[in-house]
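The values are calculated or read from the model by the stated rules, or taken from the named source; none is laboratory data. This is a predicted model, so every value here is computed, not measured. Cβ: placed from backbone, ideal geometry, glycine included. Neighbour counts: every protein chain shown. The accessibility values were calculated without ligands, DNA or RNA, using every heavy atom of the protein model including side chains. Shrake-Rupley method; radii C 1.70, N 1.55, O 1.52, S 1.80 Å.
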Amino acid sequence: MVDSKQTRLHSNLEDPEEGQGSGAHMISTASVPADQPVRIAFSLDHASDDTPPEDDTPLVFPELDQQLQPLPPCHDSMESMQVFKQHCQIAEEYREVKKEIALLEERKKELIAKLDQAEKEKLDAAQLAREFEALTEENRTLKLAQSQCVEQLEKLRIQYQKRQGSS
């Protein structure tokens, strides 16, 4: 036998016109034999369709997503209190891990920046070494040319002096 409240709620759920604004919702994902009747009904008396009921509970860990928030415990149940305590511990560990991940990602960015800088400096050093080698070779060539010019100038002076002495 079904009481009148269940029948009223069930009829509100079946009639979309009457169910609007009542806050009654029904979600069912069960498979049962066709020969057995199934009646599921419930009511969320103070729920509005605009605000999900989860928003009514204070956030224990505001930085966590809504679906990861520990649900408030049933204070009459030790098991519920224990589950809540464990969930809070897990949420705290999750928060710590996320914090550590953020710090490690920041450190990774710093190290990548240092590596990029070191590679740039290495390329700059290699470029400077090549320039140094090229300038050293050019200096050697110019010194050789200078010494050849000095020899040639000395030969010309000697020839000029011989000409001066013979005239």
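Return the residue satisfying two criteria in turn: it lies in the range 111-167 and is surrounded by 10 or more Cβ atoms within 10 Å (Cβ to Cβ) and hydroxyl-bearing (S, T, Y), and of such residues it is farthest from the chain's Cα centre (by Cα).
Here the residue is Y160.
Determine whether P53 is in contact with a His (Cβ under 9 Å, 6 or more places away or on another chain), open to solvent by less than 100 Å² (accessible area, probe 1.4 Å) and modelled with pLDDT under 95.
In short, yes.
Pick from the range 61-91 the residues that are acidic (D, E) and modelled with pLDDT of 90 or more: which of them is surrounded by the most Cβ atoms within 10 Å (Cβ to Cβ)?
Step by step, filter the range 61-91, then rank; the result is E79.
Going by the structure shown, is K98 under 30 Å from L64 (Cβ atoms), at pLDDT below 95 and open to solvent by 90 Å² or more (accessible area, probe 1.4 Å)?
Criteria met by K98.
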